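Heads up: the structure comes next, in structure tokens.
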DNA sequence: TCCCTTCGTTTACAGATGTAATCTTAATTG
DNA sequence: CAATTAAGATTACATCTGTAAACGAAGGGA
């Protein structure tokens, strides 16, 4: 069987690097360093370390270009985003996720298209949505301890 | 001025402890340990460490009850959830957040009430929603590098 | 009163993360 | 060809996190 494929974890700082490469499609270290030095107070070696860790983690691939490397994303941006958010949500109380998502939507700037897509998605869920989602914080269900 | 109030960060393992205390409203260490030993392969000392760190961080308060302590949450569950999710979202490309939220909603079990609240929230945003949200991954905007 | 249980505290230790200096090597330039 | 520069690799180090053993004090039971 294939190598055990544990989801790649990208740290906050590493996320900045990935965003550059995802947006540009590919980039050499000079480009990444120049861009990140503008956005943060990071020194070049710091950024090199982050790039190195991302390559080791398998989040970035390298192609030799003369003396340098060209870095390309090996994982999809949207998939990484979805995974990180679902991961975070999954560790929270199932009963309160809905409310939290309302708060998140309220505070997030969304395009008309996004809003429409979200509405469509919800409209589709509405008919089959359960009357309530139980709290899953305790081993034996909520046993009346938690009120919505 | 008051003590600098840096938002409290709760790690994954600590989150498990908080969920118990949030759900029960308050709990002594015996209760927390018993419940978590059922859910995980953690030893009692591990859980004690987590409780201790949460107290030090200011996420849990203590009240002496004879020889023991009663732990109570000092931060709100919903606020912690909202904060963690917004934090995660905020470090991602603004242009792609909407799509990610669609994926998250698709994969999250929501009650009818949640779905309705979400729809209401979106209906309210729709009129004023911008036609598009720009990518904010590069210092000077996207300069055509990123297509939606 | 003396031992055992229990609680909370202290110490331990490896891996991840943020942050960066140093070094090696190859290329650039005068 | 020598000196400088730039790229990637190696090393550094404090903090946070996951995971836990060990320890000291306080109570409870024999």
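Taken over the stretch A:38-90, residues that are in contact with a strand residue (DSSP E or B) (Cβ under 6 Å, 6 or more places away or on another chain) and in a loop (DSSP other than H, G, I, E, B) amount to 1. Residue B:44 meets all of the listed conditions (1) at the interface with chain A (Cβ under 9 Å from one of its Cβ atoms); (2) free of Cβ contacts under 8 Å to residues at least 12 places away in the same chain but one, namely (1).
Residues that are without any contact (Cβ under 8 Å) to a residue 24 or more places away in the chain and surrounded by fewer than 20 Cβ atoms within 10 Å (Cβ to Cβ) were ranked within the stretch B:88-98; the one that is farthest from the other protein chains (Cβ to nearest Cβ) is B:90. When residues in the stretch B:19-41 are screened for being surrounded by fewer than 18 Cβ atoms within 10 Å (Cβ to Cβ) and without any contact (Cβ under 8 Å) to a residue 24 or more places away in the chain, 6 of them pass. In the stretch A:33-54, what residues are over 22 Å from residue B:96 (Cα atoms) and away from DNA strand C (no atom under 13 Å from the Cβ)? Those that are over 22 Å from residue B:96 (Cα atoms) and away from DNA strand C (no atom under 13 Å from the Cβ): A:34, A:38. Scan the stretch A:23-33 and give yes if some residue there is within 16 Å of DNA strand D (Cβ to nearest atom), under 21 Å from residue B:83 (Cα atoms) and within 14 Å of chain B (Cβ to nearest Cβ), otherwise no. No: the stretch A:23-33 contains no residue that is within 16 Å of DNA strand D (Cβ to nearest atom), under 21 Å from residue B:83 (Cα atoms) and within 14 Å of chain B (Cβ to nearest Cβ).
Tell me yes or no: at least one residue of the stretch B:62-78 is surrounded by fewer than 19 Cβ atoms within 10 Å (Cβ to Cβ), under 30 Å from residue A:124 (Cβ atoms) and more than 16 Å from DNA strand D (Cβ to nearest atom). There is at least one residue in the stretch B:62-78 that is surrounded by fewer than 19 Cβ atoms within 10 Å (Cβ to Cβ), under 30 Å from residue A:124 (Cβ atoms) and more than 16 Å from DNA strand D (Cβ to nearest atom).
Quick note: the coordinates plus some simple rules give every number you see, no bench work behind them. Here the structure is a predicted model, which is why all the values come from computation and not from measurement. Neighbour counts run over all protein chains shown; Cβ positions are idealised from the backbone, glycine included.
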